[in-house]
Amino acid sequence: MTRRLGCWTVLLTLPLLALIIIVVVAAAQVRPQPAAPPIEAVGAVSGIPERMLAAYQNAATRLPQEAPACQGMRWPILAGIARIESNHATGRTVSPTGDITPHILGPRLDGSGIGGNITPFPDTDNGRFDGDTGYERAVGPFQFLPATWKGSGRDANDDQVADPHNADDAALGAAVYLCGNGRDLADRDQLHAAIFQYNHSQAYVSDVLGWIDRYSQLATGTIPIGQHATGNARTVIDAAVAQTGVPYSWGGGNANGASTGICCSPSGKSGTHIRGFDCSGLALYAYAQVGINLPRTAAAQAGAGRRIPASAGVGALQPGDLVFFAYNPARDSTIHHVGIYLGNGQMINAPRPGTNVRTEALWDDGFAGGTRLL
């Protein structure tokens, strides 16, 4: 009887046990999505001024009211366009209401060939936006032609004026233009088509997509902000950071520390009389502190560990990784600079003759990925 009761007990319990197992497995498979970092952190890591970033985010939020059929618009798409068109209005002042001064004006499109233009674009706005009553100029942070702005321009800051020189208006206008007749910008092919419509250049499309992908990592929280190095990575970073302020010296630096340079730089700001580090010398010294002997040049150091391609983005880097910069990021043979990644989009490096070892944001130009040695 006891055995039979036990058997029935098991039979009654098995379905419940199976349900528990299913629930536990299902729960284990649900991974929490990383929280998007706050706007201040995104701005600091991405290099996008906060007021411009707010304009991109505002435009993406307001777009459904202007283009209900459009799907997939995200602020990184607008940021990617603005990065190429105006570098996020760098060098200009952006007021709290979004007005940009001085105005951003492209070359006069008079058919002279300036800016790659060979077809003249006669004036369409009587100089209202570009100050030119003869020919068109692209205007604002998104470089709209006045004629195009007439169809896509929007008032996003509710001042009753659609102004391409206003960050909010321009961002929303660009969002409307990219959406066309109801594109799904979450589809890579349609996104490609939208960017190509903006500028009929495959090189332009590739550049913009690269920035969109990098900013998307920030938007989804997949670039770890607030990373902390541990173990050998901490030792490497501490060794490099301890050299902050040491002069750049062409050919300077070895496993034992700073040394005099071996030659002069073309600028004349470095030579055999300066004791310090060049970029690869600093990396060589820092890694020697954990028993890793690196080659002497930056290009050779790129082949010393597990290569992290530039296409993987900043989010693939970890503190302590070497980061590289090249004349042609697709060819390691053109690498000319190396730094040590600190996390948060920052690196420690010996930048160039006439400077000192310092911490700064990863350079945008020529980013060629990294190498992991630890």
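Quick notes
- Taking S259, S112 and counting other C-beta atoms within 10 Å, the order from fewest to most: S112, S259
- A simple spin-label model places pseudo-atoms 7 Å from Cα toward Cβ; at N87 and T61 they are separated by 2.9 nm.
- The protection proxy used here, the mean number of other Cβ atoms lying within 10 Å of each residue, ranks peptides 291-297, 350-356 as follows, highest first: 350-356, 291-297.
- For the stretch 231-372, the residue among C263, Q318, A299 whose Cα projects farthest onto the positive side of the dipole built from Cβ charges is C263.
- Restricting the stretch 60-168 to trypsin sites (Lys or Arg not before Pro) that sit in a DSSP loop and have at most 15 other Cβ atoms within 10 Å of their own Cβ leaves R128.
- J(HN,Hα) series, the stretch 287-295, from Karplus relation 6.51 cos²θ - 1.76 cosθ + 1.60, nearest Hz, glycine and proline x: 6, 5, 6, 10, x, 9, 9, 8, x
- Calculated over the stretch 231-372: convex hull of Cα atoms, volume per residue (Å³): 95
- Amide hydrogen neighbours beyond the local backbone of Q346, cut-off 5 Å, H modeled: L362
- Amide H contacts of G252 (H built 1.01 Å from N, in plane; Pro and chain starts excluded): I262, D278 sit under 5 Å, all sequence-distant by 5 or more or on other chains.
- Each residue of the stretch 306-313 was assigned a 3J(HN,Hα) from its phi angle through the Karplus curve 6.51 cos²θ - 1.76 cosθ + 1.60 (θ = phi - 60°); the sequence is 7, 6, 10, x, 4, 5, 6, x Hz, with glycine and proline shown as x.
- Counting every other Cβ atom within 10 Å of each residue's Cβ, Y327, Y215, Y177 order from fewest to most as Y327, Y177, Y215.
- Here the Karplus relation 6.51 cos²θ - 1.76 cosθ + 1.60, evaluated at θ = phi - 60°, turns the backbone of the stretch 71-87 into coupling constants of 10, x, 6, 9, 4, x, 5, 5, 5, x, 5, 5, 5, 7, 6, 8, 6 Hz, with x for every Gly and Pro.
- DSSP beta bridges fully contained in the stretch 231-372 are about 95 percent antiparallel.
- Here the dipole of the stretch 231-372 is about 200 debye; that uses its Cα centre as origin and unit charges on the Cβ of Lys and Arg (positive) and Asp and Glu (negative).
- Placed amide H near G369: partners under 5 Å, 5+ positions off or other chain: A310, F324
- As a proxy for reagent exposure, ranking H337, H228 by other Cβ atoms within 10 Å from fewest up yields H228, H337.
All of the numbers you see were taken from the coordinates with simple rules; none came from a lab. These figures come from a predicted structure and were not determined experimentally. Note that each Cβ is placed from the backbone with ideal geometry, even for glycine, and that neighbours are counted across all protein chains shown.
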